[in-house]
Amino acid sequence: MYEYQQSGRYFAQVADDIKDIAEAELIELGAAETSYSYRGIYFNANPESLYRINLQSRLINRVLAPLKTFDCHSDNYLYKVGQQIHWEDFMTPDQTLAIFASVTQSNINHSKYAALRLKDAIIDYFRDRDGERPSIDTRNPDLWLNVYIEKNVATISVDTSGGSLHRRGYRMQSTQAPMSETLAASIIRYAEWDGQTPLYDPLCGSGTLLCEAYLMATKTPSANRRNKFGFERLPDFDSALWTKIKKDANSNIASISNNLIQGSDIDLKVVQIAQKNSSIIDPAAQIKIIQKDMFNIEKLQDTTIVCNPPYGVRMQNKMNLSDFYKNIGDFLKQRCTNSTAFIYFGEREYIKNIGLKSSKKWVLSNGGLDGRLVKYVLY
Ligand SMILES: C[S@@+](CC[C@H](N)C(=O)[O-])C[C@H]1O[C@@H](n2cnc3c(N)ncnc32)[C@H](O)[C@@H]1O
């Protein structure tokens, strides 16, 4: 029996800033006994919840199922334990694999070396057993493995998601500074958008916030477009249960009213990309995206406004960013009565330029940037 089978315990990799909402989401999807750790949350789940979490979570990056945890003081010992696992339970030698490692405060101090030793162990295991060896594919392998070594304690896990869940499959083309799908989903979640009030992104770029809002409002599973998951490689994978989980989730998909989710951007090329991306998840074109300068929008009343203004770039019309953010503040004050705005600042120094009293702030990092999400209630 593997460790995850004995304990029913898994590890969800998630950004540290959003653990509160990720934990709530995990519990909604059936997880129990959650506990925080560095860059993730441990939780208990039965197979049904494990499949559902992978299919529906909008906030977590991947779920790891531990196979074995052991004291590991040398790369030779990692190799030795790596050879003791019955890898034929997970794959055949004609399939491909990828191994991701992270190490901290341990005798093995290079993550790439840890991954290499485990890879050697698995390849030698199959070569001795079958005379054939699996090959490596780091982009789209059949089996994704993870090895984590902290203070000389190693855990070898299967990535039950089969690659990061932020790849929803709708972003075929991307623009200059797109935000990650999980960051966009966390903004929609922090906004506590009810899926009924009109939602508008006046600086929509590639449309990530609009697409995540659409997935949420329609209750579309975020991994609907993914054609394989890592948990399908587990020896106890229950294909009938998985079919039922998918069917149940799909039967909950709801339609939304026209004009519920809208956005615009000043750049026509970017608008075309956003339209293309959104059409992948929304073939009925309920998400409306047009070209428009934000400052030409007449009004946005009774609306949930979400956006991510430019940062770290020179404005095309030579306006500096401080003035641009000041204009956003004026726009919100003058034309957005009875609305609530959630502005994501890639650089928090511009918050002061908005000139409006905020009602809440969240620290939300984005690819190394120390960003902030700020809520403004507009009367
Ligand atoms: C940081 S990007 C938004 C990224 C977006 N959240 C995404 O996921 O792709 C900022 C966007 O603001 C747009 N923009 C800049 N000035 C604008 C204006 N005056 N009116 C409308 N859009 C504008 C840019 O074209 C750019 O696409």
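Local charge for Glu347 was computed over the other residues whose Cβ lies under 11 Å away, with Lys and Arg +1 and Asp and Glu -1, and equals 0. For the range 3-159, relative contact order (Cα pairs under 8 Å, six or more residues apart, normalised by length) works out to 25 percent. With contacts taken as Cα pairs under 8 Å and at least 6 residues apart, the chain reaches a relative contact order of 14 percent. Taking the inverse of the mean reciprocal distance over all distinct Cα pairs, the Kirkwood hydrodynamic radius of the range 3-159 comes to 16.2 Å. Please give the calculated 222 nm ellipticity per residue for the chain, where each DSSP H segment of at least 4 residues contributes -39500 (n - 2.57) and the sum is spread over every residue; nearest 500 deg cm²/dmol? The helix contribution divided over the chain gives -9500 deg cm²/dmol.
For Lys269, the lysines whose Cα falls under 19 Å of its own Cα, not counting residues fewer than eight places away in the same chain, are Lys288, Lys292. How many percent of the accessible area of the range 1-142 is carbon or sulfur, using a 1.4 Å probe? Its accessible area is 44 percent carbon and sulfur atoms.
Here the convex hull built on the C-alpha positions of the range 110-171 has a volume of 116 cubic angstrom per residue. Note on the range 249-313: along the principal axes its Cα atoms extend 43, 28, 20 Å, ordered by decreasing extent.
Of the trypsin sites (Lys or Arg not before Pro) in the range 93-141, the ones in a loop by DSSP (not H, G, I, E or B) with at most 12 other beta carbons within 10 Å are Arg139.
Looking at the range 3-159, the DSSP beta bridges with both ends there are about 70 percent antiparallel. Averaging over all projection directions, the Cα-based convex hull of the chain occupies 19.6 nm² in the image plane.
Across the chain, the longest piece that holds none of the GluC sites (Glu not before Pro) lying in DSSP loops with up to 16 other C-beta atoms within 10 Å covers 1-131. Bridging of Lys151 to aspartates and glutamates at a Cα separation below 20 Å is possible for Glu3, Asp71, Asp75, once same-chain residues fewer than 8 apart are set aside.
Rolling a 1.4 angstrom probe over the protein heavy atoms with all chains in place gives the chain an accessible area of 47 Å² per residue. Pairs exceeding 30 Å between alpha-carbon atoms, taken from Lys333/Lys361; Lys244/Lys360; Lys219/Lys357; Lys119/Lys219; Lys228/Lys361: Lys244/Lys360; Lys219/Lys357; Lys119/Lys219; Lys228/Lys361.
Projecting the Cα positions of Ile122, Asn366, Tyr311 onto the charge dipole of the chain (unit charges on Cβ atoms of Lys, Arg, Asp and Glu, taken about the Cα centre) puts Tyr311 furthest along the positive direction.
The values are calculated or read from the model by the stated rules, or taken from the named source; none is laboratory data. Everything numeric in this text was worked out from a predicted model, so none of it was measured. Positions of Cβ are backbone-derived with ideal geometry, glycine not excepted, and every protein chain shown enters the neighbour counts. Ligands, DNA and RNA are excluded from the accessible area calculation, which covers all protein heavy atoms including side chains. Shrake-Rupley method; radii C 1.70, N 1.55, O 1.52, S 1.80 Å.
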